[in-house]
1. Among the lysines in the chain, how many pairs, 8 or more places apart or on different chains, have alpha carbons under 26 Å apart?
2. Just the accessible area per residue of the chain, please: how many Å² with a 1.4 Å probe?
3. To the nearest 0.05, what FRET efficiency results for residue 142 and residue 1 with a Förster distance of 25 Å applied to their C-beta separation?
4. For Cα pairs less than 8 Å apart in space and 6+ apart in sequence, what is the mean separation divided by the residue count of the chain, i.e. the relative contact order in percent?
5. Heavy atoms only, probe 1.4 angstrom, no DNA, RNA or ligands counted: give me 16, 92, 4 ranked by accessible area, highest first.
6. Place +1 on the Cβ of every Lys and Arg and -1 on the Cβ of every Asp and Glu in the chain, take the dipole about the Cα centre, and give the residue among 59, 148, 12 whose Cα lies farthest towards its positive end.
7. Express in whole angstrom the spacing between the alpha-carbon centres of the range 60-84 and the range 1-59.
8. May I ask you to give the percent of accessible area on the chain that is carbon plus sulfur, with a probe radius of 1.4 Å?
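The values are calculated or read from the model by the stated rules, or taken from the named source; none is laboratory data. The shown structure was predicted, so the numbers you read here are calculated from the model rather than taken from an experiment. Here the Cβ positions follow ideal geometry from the backbone for every residue, glycine too, while neighbour counts run over all protein chains shown. Accessible surface is based on the protein model in full, side chains and every heavy atom, while ligands, DNA and RNA are left aside. Shrake-Rupley method; radii C 1.70, N 1.55, O 1.52, S 1.80 Å.
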Amino acid sequence: ANPFWSIGCECLDRGFADFRQYEPFLNELGAGYARIQSGWQRCEPKRGVYSFEWLDEIVDGIIATGLTPWMCLCYGNSNYTKSGAGLAAEVFTDEETLTAWENYVRAVVQRYKGKISMYEVWNEPDFGGTLRRAVPYANLFARTAPIIRENDPNAKIAGMALAGDMKP
């Protein structure tokens, strides 16, 4: 497996693909890693109630194929914010949602410690073409990274995965 290549296994959190349909082919592609999105909305369908079984299947399936999974912690949750749970979701700024996000991140990292070695904080926070998301994203990253580090000191933390759409 090539440690410089990663396969995108995104959008599973929103039901846009069925992991079981392509899982048998992952190892044949020669990549060393597979990127997945955590999908806060799907993992916390009710306030304070986490449901990780669907994500367990994907993480364990990727590991079983011999690839190393890495995870994007991303998108909103309609239980807390109206900003959306999809690709163009704006980064939230209110304290209640940020606190719920921190609890979610803590739960994810604790659950997958030893299975996930790298976490990306959000996906394309600039999607939509304005700088109004730069400060909220920086705040989200600054609050998220210490939680990851506290719960998995060996985890790598990635940020600023941009769409290239940030215009002045």
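1. Pairs that pass both the separation and distance tests number 6.
2. On the way: 8190 Å² over 168 residues.
Here the residues of the chain average 49 Å² of exposed surface.
3. 0.15
4. 19
5. Values: 16 145, 92 5, 4 180 Å².
Reading off the accessible areas and sorting them downward yields 4, 16, 92.
6. After comparing all options, I get 148.
7. 7
8. Roughly 55 percent, rounded to a whole number.
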